[in-house]
Amino acid sequence: MFAFIISRILQSVPVLLVVALISFAMFAYVGDPVSIMLGQDFTEAQRTALVADLGLDQPFFIQFAKFVGNAVQGEFGLSYRLSRPVAELIAERAPATLELACCAAGVALLVGVPMGVYTGLYPRSLLSRAFLTFSLIGVSLPTFLIGILLILVFAVWLGWLPSFGRGDTVMFGWWSTGFATMSGIKALILPAITLGLFQLTLIMRLVRSEMMEVLRADYIKFARARGLSNRAINFGHALKNTMVPVITVVGLQLGAIIAFAIVTETVFQWPGMGLLFIQSVGSADIPVMAAYLLLIACLFVTINLIVDLLYYAVDPRLRVSRGRGH
Amino acid sequence: MSPILEVRDLRVEFPTRRGTLVALDGVSFSIAPGEVLGVVGESGAGKSMTGAAIIGLLEPPGRIAGGQILLQGKRIDNLRYDQMRRIRGREIGAIFQDPLTTLNPLYTVGDQLIETMLTHLPISPAVAKRRAVEWLEMVGIPAAAQRVQSYPHEFSGGMRQRVVIALALCAEPKLIVADEPTTALDVSIQAQVIALLKRLAREKGTAMMLVTHDMGVIAETADRVAVMYAGRIAEIGPVREVVKNPQHPYTAGLMASIPPLDRRVERLAQIDGAMPRLSAIPQGCAYNPRCPRVFSRCAVERPELLDAGTTLAACWLHAKAMTDA
Amino acid sequence: MANAFAQLRDSDIWWSFKRSPVTVISAIVALICIVTAVAAPFIAPHNPFDVATLNLLDAFKPPAWIDEGEADYLLGTDDQGRDLLSAILYGARISLFVGISATVFAALVGVSVGLLAGFLGGTVDALLMRIADIQLTFPSILVALLVDGIVRAAVPREVHDQIALFVVVVAIGISEWPKFARPVRGSTMVERNKEYVLAARVIGVSSFRIMTGHVLPNVLGPVLVIATLNLGLAILAEATLSFLGVGVPPTQPSLGTLIRVGNDFLFSGEWWITIFPGVSLVIMVLSVNLLGDWLRDALNPKLR
């Protein structure tokens with residue numbers, strides 16, 4: 001178990017290094033940070049001083065090592081656009097994004113999995129067909145359009161829910177939460193549905209196809225031949241086997257939720273990391289982009305680790321055949 | 001003694017877009033308590049399909065389109081799914097071909113045994129747990145008390161098939177439908193598994209329908225044998241008679257193609273051509289295009305099972321009384 | 001040619017196509033989308049890019065069936081007095097162009113990498129697939145945003161505006177190539193060990209010839225399915241980028257751009273500026289997705 005975790009962590013190190021390298025390359029070689037920081041008027045001496053100050057005259061590997069060292073301490077320099085420390089900006093915005101992403105993931109899982117199981121078990125029923133049609137539309141509807149439609153209906157026409165912002169937030173230490181107030185919770189509903197809907201349909205379709213695949217398996221046929229009840233076959237045998245591949249994809253989808261938060265946050269003017277990132281892309285604010293990229297990579301690696309552990313818990317085949325790593 | 005299983009004029013159809021295929025037609029046989037009926041034939045002859053129809057697990061869109069299946073005199077072919085479910089495992093056990101895929105990889109073999117017993121038998125979980133170990137011992141798994149906690153992937157193929165046998169027998173059914181139980185196993189393991197199956201069936205008084213394409217297995221295990229060809233029974237009778245003295249030209253061809261153990265032969269006989277596909281079964285006797293003893297009637301009329309002395313054979317050669325008259 | 005048609009007519013694919021009315025309808029809709037998009041300059045009632053004909057007095061006209069609507073502007077006008085129907089036709093043209101180009105680009109890169117990795121194996125294979133794996137960990141929209149952001153930072157603004165369309169195509173293409181590379185690599189490895197390829201090697205056919213002549217044709221089926229399924233995603237990706245304001249330049253508005261513009265007027269009641277381009281986008285993507293789904297099922301005998 002312990003060895004398994006260690007090997008997984010070691011496997012994710014190259015991923016993080018590659019991402020760090022990309023971030024660093026953006027930092028060092030894209031655009032000209034020196035002239036951006038110096039502004040209009042400067043002397044050659046000032047320029048040389050700043051280059052030395054930033055360490056840009058040093059060899060590549062030293063620069064990279066310094067970059068990684070700083071990154072580990074959460075030090076990414078100043079935002080070109082806002083002239084504030086990047087770490088501070090991100091820390092300020094992270095709670096908004098994480099709360100939104102968790103709610104969206106909750107919606108997607110709690111609704112998507114049961115819908116997938118149902119449509120997998122009864123593919124010909126009327127309700128299944130309705131679910132499938134709904135999911136097809138869901139897959140074809142871009143996230144931003146879902147948000148716009150929800151705003152149009154629930155904010156503009158009905159006036160029930162707010163269309164932008166987080167409502168009133170309460171600070172717990174450095175964490176600002178929207179869960180503590182009614183207006184915060186109301187503000188969360190539309191963005192969470194918007195963000196979760198696409199993943200919901202994906203999860204539903206995935207669970208459905210896996211379920212149908214598993215139901216065709218020999219061991220299900222044999223379970224039927226043993227006369228087990230439908231309940232035991234569908235929920236004990238089929239669902240558990242379905243979960244093995246589903247866990248992987250759902251893990252990846254959690255990552256996608258955080259990425260798609262960029263879009264949702266834009267639609268709802270949600271003050272999270274995604275909105276920060278998109279504003280940075282628009283104004284070529286490299287430090288923020290680089291920091292965001294690294295942060296997302298860390299998040300993904302963490303999620304993947306959790307997925308692997310879950311996998312390990314569900315599938316006994318992994319537990320014994322050690323060294324058969326992939 | 002009244003038979004455990006009686007199949008009367010069974011017909012199974014597969015509706016497809018190119019028309020309805022008749023996979024089984026006019027299949028009739030019975031199995032007495034404690035008897036082992038072997039069913040042989042080439043792949044696609046309908047052996048496995050017959051087994052699937054009996055346990056009520058035909059792959060859709062296949063369906064029973066005619067005839068009756070009686071278990072201890074009661075019809076089971078028209079039962080609702082849930083009624084049939086109670087019979088499966090409890091009255092009729094099943095063994096499938098590939099032990100590598102028939103066990104759920106995520107549950108221990110013990111859990112799967114306990115689950116099956118608790119579904120069918122009025123016993124407590126503690127008793128079921130004890131019996132699970134006993135069953136593993138009975139099918140010859142060493143250190144059963146520990147192995148009961150093992151997952152299927154921790155067993156070899158032969159051992160897994162022993163577990164499958166335990167699963168099929170653990171609710172003490174009166175009939176076992178074994179569909180190619182040794183085909184996926186190493187040759188050296190096959191004999192052991194067959195011997196085990198035979199011994200347990202004898203001990204428990206369980207009747208068995210043993211589907212295989214291996215005449216050797218049949219000759220060694222079965223009391224009677226049914227030879228199937230293109231969805232019908234070509235010949236059925238006591239195993240020794242069918243092997244030594246086949247009455248249907250197809251059975252004769254089949255037997256001639258088995259290498260004899262007691263003498264050397266230069267060249268084995270073979271049957272020319274191939275079994276027809278279900279979509280292109282010839283008129284009259286399905287075997288007539290390949291039959292060395294074909295005559296005019298064979299291409300026109302389809303023979304029913306006729307009395308051929310020691311066996312029943314679906315061949316006009318045995319309708320002499322009628323042709324002579 | 002006639003023979004080929006006859007073959008198609010008798011094939012399973014054609015049969016499953018005819019049997020599924022949804023597929024037939026979506027094929028027709030997709031066809032209409034393509035035709036109208038290509039022929040936009042000829043069938044659009046107005047030229048939305050002709051500044052001379054634009055009149056701000058025509059701005060915010062509702063669709064023709066609502067009071068104050070004018071028959072001349074069937075779907076109403078936007079904030080600059082542009083005919084919305086014409087803008088949608090031109091926008092669909094750009095959306096489709098970017099979607100198809102990006103998919104073709106992704107397919108070219110992905111198939112080449114997949115063939116190379118599958119055929120050469122060893123270190124090359126491990127390296128290429130590791131890259132694909134790492135990239136697949138990240139959602140494609142993020143990769144596309146990143147590529148776009150880097151280009152934006154690397155080139156001056158004036159240059160960027162000129163090559164923006166190209167940048168979007170490349171950004172989306174780069175974000176999707178691993179989806180092609182992985183299955184192609186898989187099938188290539190299977191094909192590589194088949195006897196006809198071994199035979200071709202033995203008689204001295206060059207590796208390149210084997211790949212293009214023998215292996216490639218065998219992996220084209222799955223590639224076609226992936227391409228169709230990805231076309232919908234690519235169109236959505238473009239719309240998303242444009243909606244976020246980092247996609248195609250404002251001078252060449254795609255459906256996503258139109259939606260972005262209309263979004264600003266949602267609260268003042270001019271819903272049509274957003275909704276009609278949105279509906280057009282959904283219809284286009286839906287028909288492509290349905291076609292892709294059907295193609296996948298029809299070519300995948302396992303699920304039939």
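Each residue, B:Arg8 and A:Glu88, gets one label point 7 Å from its Cα in the Cβ direction; the gap between the two is 9.2 nm. Among B:Lys174, C:Lys61, sorting on how many other beta-carbon atoms sit within 10 Å of each Cβ, with the fewest leading, yields B:Lys174, C:Lys61.
Centre-to-centre separation between the Cα atoms of the range C:240-278 and those of the range A:107-140: 30 Å.
Per-residue ellipticity at 222 nm, computed for chain B from helices alone with -39500 (n - 2.57) per DSSP H run of at least four residues, works out to -9000 deg cm²/dmol.
Please work out how much length the chain gains when fully extended from B:Val265 to B:Gln283, using 0.36 nm per residue of separation minus the C-alpha to C-alpha distance, in nm with one decimal. Write out the running numbers ahead of the final one.
Working: separation 18, 0.36 × 18 = 6.48 nm, distance 3.56 nm.
This chain segment gains 2.9 nm when fully extended.
If R0 is 60 Å, what FRET efficiency do you get for A:Asp57 and A:Arg231 from their C-beta distance, rounded to 0.05? After rounding, the FRET efficiency stands at 0.25.
Cβ under 12 Å from A:Lys221's Cβ, A:Lys221 left aside: what net charge do those residues give with Lys, Arg +1 and Asp, Glu -1? Every neighbour counted, the sum reads 0. Our note on the geometry: Cα centres of the range B:29-62 and the range A:152-222, 51 Å apart. Charge dipole of the range B:229-324 (Cα centre as origin; +1 on each Lys and Arg Cβ, -1 on each Asp and Glu Cβ, all else neutral): 240 debye, rounded to the nearest 20.
Once the Cβ-Cβ distance of A:Leu126 and C:Leu120 is raised to the sixth power relative to R0 = 45 Å, the FRET efficiency obtained is 0.30.
Over chain A, what is the relative contact order in percent, taking alpha-carbon pairs closer than 8 angstrom and at least six residues apart? Walk me through the intermediate numbers first.
Numbers: 367 pairs, mean separation 84.2, N = 326.
Here the relative contact order equals 26 percent.
The residues neighbouring A:Ala180, those whose beta-carbon lies less than 15 Å from its own, together hold a net charge of 0 under the Lys/Arg +1, Asp/Glu -1 convention.
Going from the residue with the fewest nearby Cβ atoms within 10 Å to the one with the most, C:Ile28, A:Ile257 rank C:Ile28, A:Ile257. Label zone (C:Lys194, point 7 Å along Cα-to-C-beta; backbone nitrogen cut-off 19 Å) within the range C:91-123: C:111-112, C:114-121. Under a 10 Å cutoff between Cα atoms, tell me which one of B:Pro60, B:Pro33, B:Pro292 has the largest fluctuation in the Gaussian network model of chain B. Sorting by GNM fluctuation, first place goes to B:Pro60.
If the only charges are +1 at each Lys and Arg Cβ and -1 at each Asp and Glu Cβ, what is the size of the charge dipole of chain B around the Cα centre, to the nearest 20 debye?
Details: 37 positive and 33 negative charges, 64 e Å.
Once rounded to the nearest 20, the dipole reads 300 debye.
Full extension of the chain between B:Arg18 and B:Ala126 yields a length gain of 33.5 nm, computed as 0.36 nm times the residue separation minus the alpha carbon distance.
Between B:Ala168, B:Ala308, B:Ala299, find the one with the highest GNM mean-square fluctuation for chain B; connect C-alpha pairs within less than 10 Å. Most flexible of the set in this elastic network: B:Ala299.
The H on the amide N of B:Leu5, modeled in the peptide plane, is under 5 Å from the matching H of B:Ile31, B:Gln72, each at least 5 residues off or on a different chain. Phi-derived couplings, Karplus 6.51 cos²θ - 1.76 cosθ + 1.60 at θ = phi - 60°, listed residue by residue for the range B:70-76: 10, 10, 6, x, 10, 5, 10 Hz, with x used for Gly and Pro. Here the simple spin-label model places points 7 Å from the Cα toward Cβ, and for C:Val22 and A:Val170 these points are separated by 4.6 nm. For the segment C:152-159, counting C-beta atoms of other chains within 10 Å of every residue's C-beta and taking the mean gives 4. So which of B:Lys198/B:Lys244; B:Lys129/B:Lys174; B:Lys47/B:Lys244; A:Lys221/B:Lys244 end up more than 28 Å apart by C-alpha? Flagged as over cut-off: A:Lys221/B:Lys244. Counting only Cβ charges, +1 for Lys and Arg and -1 for Asp and Glu, the dipole size of the protein assembly as shown around its Cα centre is about 3740 debye.
Straight-line cross-link partners of C:Lys18 among the aspartates and glutamates, defined as a Cα under 12 Å from its Cα and at least 8 positions apart when in the same chain: C:Asp10.
Phi-derived couplings, Karplus 6.51 cos²θ - 1.76 cosθ + 1.60 at θ = phi - 60°, listed residue by residue for the range A:177-186: 10, x, 6, 7, 10, 4, 5, x, 5, 4 Hz, with x used for Gly and Pro.
Label positions at B:Gln149 and C:Val38, each projected 7 Å from the Cα along the C-beta direction, are separated by 6.9 nm.
Among A:Asp57, A:Asp315, sorting on how many other beta-carbon atoms sit within 10 Å of each Cβ, with the fewest leading, yields A:Asp57, A:Asp315. Taking each residue as 0.36 nm, the span from A:Ser209 to A:Leu305 lengthens on full extension beyond its C-alpha to C-alpha distance by 32.1 nm. Per-residue mean of foreign Cβ neighbours for C:271-279 is 3 (Cβ atoms of other chains, 10 Å radius). What FRET efficiency would be calculated for the residue pair A:Cys102, A:Leu17, taking the C-beta separation as r and a Förster radius of 22 Å, to the nearest 0.05? Between A:Cys102 and A:Leu17 the formula returns 0.20.
Values quoted throughout were computed directly from the atomic coordinates according to the rules given, and no laboratory measurement underlies them. It should be emphasised that the depicted structure is a prediction, and the values quoted were computed from it without experimental measurement. As a convention, Cβ positions derive from the backbone with ideal geometry for all residues, glycine included, and neighbour counts pool all protein chains shown.
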